[in-house]
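The values are calculated or read from the model by the stated rules, or taken from the named source; none is laboratory data. Remember, it's a predicted structure, so these values are computed and weren't measured experimentally. Note: ideal-geometry Cβ built from the backbone for every residue, glycine included; neighbour counts use all protein chains shown. Side chains are part of the model used for accessible areas, which takes the heavy atoms of the whole protein and leaves out ligands, DNA and RNA. Shrake-Rupley method; radii C 1.70, N 1.55, O 1.52, S 1.80 Å.
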Amino acid sequence: MSSGVRHPLLSIAPAKLRPTQMTVGKAEVAEKRAQWEKLGKKKRKELLAAHWFPGVLGPKHQVYIVDHHHLGLALCEEGVKEVPVMIQRDFSWLDADVFWRTMEFNRWAHPYNEHGQRQEYDAIPRNLTDLADDPYRTLAARVRVAGGYAKDATPYSEFLWAEFYRRNVKLKGERVTSKQLQDALLLAHSHEAAYLPGWSGQIQ
């Protein structure tokens, strides 16, 4: 049984990391790959050293990451051999159902698909490469980068924004057009968005 103490930084192949969510914005992943490809060897080492993955040990000592899914998938697709993972908690002694319930209680798991629908824990992919694309996650990320709302420590805050946009913006396909981004930015500052994490107030 675990004492709950923090574990040291581990080096793990991205292909062996287990996701705790079902979707990513694939356009964001492509951008991270493009950024990685432009970096030299030294800069790549620096990026990895600065972006350790927060992880939780699960059943059968599998390592589940609770953040940086986009970066993890990008590095996996780039063939990176190892990434640093800081184990936050050891839940390896729990059975699978209790493990996932505990993860969700701690807001370390988000079992919702690309349509925003709640799924069984078994539906969470076993590999980062099996994460589904949700273009509304891409839209939510672009709005934040453009200053539509502040980065917030609330777990899965961008998923909440993605759900807001799923109800209010019609996307066709995977691409987010500049017009859709402008409309989404205006919505981000509307009263309708006031309940969302990082909301920065209405534009007068």
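Some observations on this one:
- Applying the criterion of being outside any helix (DSSP H, G or I) and of a type in the set (A, V, I, L, M) to the residues of the stretch 183-198, the residue that is nearest to TYR156 (Cα to Cα) is LEU196.
- Selection status of ASP122, among the acidic types (Asp, Glu), farther than 21 Å from SER190 by Cβ, at pLDDT 95 or above and over 14 Å from the mean Cα position of the chain (by Cα): yes
- Restricting the search to helices (runs of 4 or more DSSP H) fully inside the stretch 90-182 and requiring at least 2 residues that are more than 18 Å from VAL24 (Cβ to Cβ) and open to solvent by 20 Å² or more (accessible area, probe 1.4 Å) gives 96-105, 157-168.
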